[in-house]
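K.L.:
Just passing along the structure, written as structure tokens.
Derivation of every value follows stated rules applied to the coordinates shown; laboratory data play no part. Worth saying up front: this structure is predicted, and the values here are computed from it rather than measured. Cβ: placed from backbone, ideal geometry, glycine included. Neighbour counts: every protein chain shown.
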């Protein structure tokens, strides 16, 4: 049996065998891919839904934002349960629920039914990103965390690309409701296969007395809350990540409609062009994870400094793209470049959070990040941009939203003040693998 290793001390090695760790990564990556295919397939269907049901942009944006709201509400309790019981079994249940809910969307006959079905998709997805990230971070060496978490969250971008492409292609041939049924099935298969993934043992933050007395749920919750609240870096990193994801989610949700309305690109072709931007974001998420890992190799605080600078770069690019005088292919090339830069936070900030959180509540700490990202970021972007579009027009709305990148950079710079001290506080806590 593969021997456990010190997670944060002198040894920096795999917790399980390399093959088991990489199998776990592949499966967790695959489910994240299907998670976002199911979540984002709807954005390529907006033109068809608007024509069939006469929906406003605010209503269309709500169908994207409702998932983020439900994920934010459910993420913490799901992650807390996963931390206490089983991360692997929790993921199996989550993937099953969101896949079945996605399939049910194809049977919706009005906006209220579709809205409810999309909320159920969010209920299934609640906690997945945080639990999956905690599992990956614990099985692999610390030196690989930024790159691997960047790759893991890049699956969200790749899934969004596939969701947009598949949604547009299926809707053009068989109708927009059929798209939900087609993309929902693979997640069920992946859920069953995930039972073969290795987990790590639950780490105690509350030790029973020598007499073996039972630790109450209330005590456990209080200790968990105290552990998280005492980690200052967590708060500011979460706020910064949320601000940047307002930009990301707005571009993802509204670029197909922007190309269709402003430039007259047919709906299916607009979906394909928008998918290039999302794909650039997927590549960027992985590349920036590598870059930030290298930049912070000798000074940990440079991780946050680099990410703050990249947020300002992506903001500047989008301001020139949507508020400038460029048009046609030159404008689209700038949007693609902005798409590559805007996902700079996904891997590095997840690594920051995992680094400073006590291993006993690693999934829960990641869920706090997920809550902020979903409730304050992903949920805000699509519906805010839709509301601004109803008021001013879509071009003007997309020219304003990138300014949230400035707030993101400010929060990351503030988080630098406590990052290294929070790292030292958990530097020697050990994690062990569950026996095979």
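K.L.:
Would you please classify the overall shape of region 278-436 from the alpha carbon gyration tensor, given that a ≥ b ≥ c denote the square roots of the eigenvalues, rounded means a/c under 1.5, and beyond that prolate means a/b larger than b/c while oblate covers the rest? Each step should come with its number before you reach the end.
P.N.:
On the way: a/c = 2.30, a/b = 1.92, b/c = 1.20.
It is prolate, given that a/c is not under 1.5 and a/b is the larger ratio.
K.L.:
Enter the angle in degrees (range 0 to 90, nearest 10) between the Cα long axis of helix 328-342 and the first principal axis of the Cα atoms of the chain, meaning the one along which they spread out most.
P.N.:
On a 0 to 90 degree scale, this one is about 10.
K.L.:
For each of 297, 50, count neighbouring Cβ atoms within 10 Å of the residue's Cβ, then give the residues from fewest to most.
P.N.:
Numbers: 297 11, 50 17.
Arranged by neighbour count, lowest to highest, 297, 50 become 297, 50.
K.L.:
Something else: Which angle from 0 to 90°, rounded to the nearest 10, does the C-alpha axis of helix 178-193 make with the longest principal axis of the chain?
P.N.:
It is inclined by approximately 10 degrees.
K.L.:
Sticking with this structure for a sec: Normalising by the residue count of region 19-135, find the relative contact order in percent from Cα pairs under 8 Å and 6+ residues apart.
P.N.:
Values: 104 pairs, mean separation 40.3, N = 117.
Averaging sequence separation for qualifying contacts and normalising by length gives 34 percent for region 19-135.
K.L.:
Taking a ≥ b ≥ c as the square roots of the eigenvalues of the Cα gyration tensor of region 1-157, is the shape rounded (a/c under 1.5), prolate (a/b larger than b/c) or oblate?
P.N.:
Numbers: a/c = 2.91, a/b = 2.44, b/c = 1.20.
In terms of gyration-tensor shape, prolate.
K.L.:
Under a point spin-label approximation (7 Å from Cα along Cα-to-Cβ), what is the residue 299-residue 17 distance to one decimal in nm?
P.N.:
Computed distance between label sites residue 299 and residue 17 equals 4.3 nm.
K.L.:
Take every Cα pair under 8 Å in the chain that's 6+ residues apart, average their separations, divide by the length, and report that relative contact order as a whole percent.
P.N.:
Rounded, it is 29 percent for the chain.
K.L.:
Listing 32, 27 from the residue with the fewest other Cβ atoms within 10 Å to the one with the most, what is the order? Write down the numbers at each step before the final one.
P.N.:
Working: 32 24, 27 21.
Ranking 32, 27 by Cβ neighbours within 10 Å, fewest first, gives 27, 32.
K.L.:
Based solely on its DSSP helices, what 222 nm [θ] is calculated for the chain when runs of n ≥ 4 H residues each add -39,500 (n - 2.57) and the sum is averaged over all residues, nearest 500 deg cm²/dmol?
P.N.:
Numbers: 18 runs with 323 residues, N = 436.
Rounded to the nearest 500, the figure is -25000 deg cm²/dmol.
K.L.:
Quickly work out the residue 169-to-residue 326 label distance, labels modelled 7 Å from Cα along the C-beta direction, and quote it in nm with one decimal.
P.N.:
Distance between the two pseudo-spin positions: 2.9 nm.
K.L.:
Mind ranking 376-384, 395-403, 343-351, 128-136 by how tightly packed they are, going by the mean number of other C-beta atoms within 10 angstrom, highest first?
P.N.:
Numbers: 376-384: 24.8, 395-403: 19.0, 343-351: 30.2, 128-136: 27.9.
Answer by packing, highest mean first, reads 343-351, 128-136, 376-384, 395-403.
K.L.:
Relative to the first principal axis of the alpha-carbon coordinates of the chain, what is the inclination of helix 302-323, with its axis defined by its Cα atoms, in degrees from 0 to 90 and to the nearest 10?
P.N.:
Computed tilt is about 10 degrees.
K.L.:
How do 236, 252 rank when sorted from fewest to most other Cβ atoms within 10 Å of their own Cβ?
P.N.:
236, 252
K.L.:
Sticking with this one: On full extension of the chain, what length is gained from residue 52 through residue 188, given 0.36 nm per residue of separation minus the C-alpha to C-alpha distance?
P.N.:
Values: separation 136, 0.36 × 136 = 48.96 nm, distance 3.00 nm.
Full extension from residue 52 to residue 188 adds 46.0 nm.
K.L.:
Give me the extension gain from residue 262 to residue 73: residue separation times 0.36 nm, minus the current Cα-Cα distance, reported in nm with one decimal. Please list the in-between numbers first.
P.N.:
Values: separation 189, 0.36 × 189 = 68.04 nm, distance 3.55 nm.
Length gained, residue 262 through residue 73: 64.5 nm.
K.L.:
Report the full-extension gain for the segment residue 413 to residue 110: residue separation times 0.36 nm, less the Cα-Cα distance, to one decimal in nm.
P.N.:
Working: separation 303, 0.36 × 303 = 109.08 nm, distance 4.57 nm.
Stretched fully, the residue 413-residue 110 segment lengthens by 104.5 nm.
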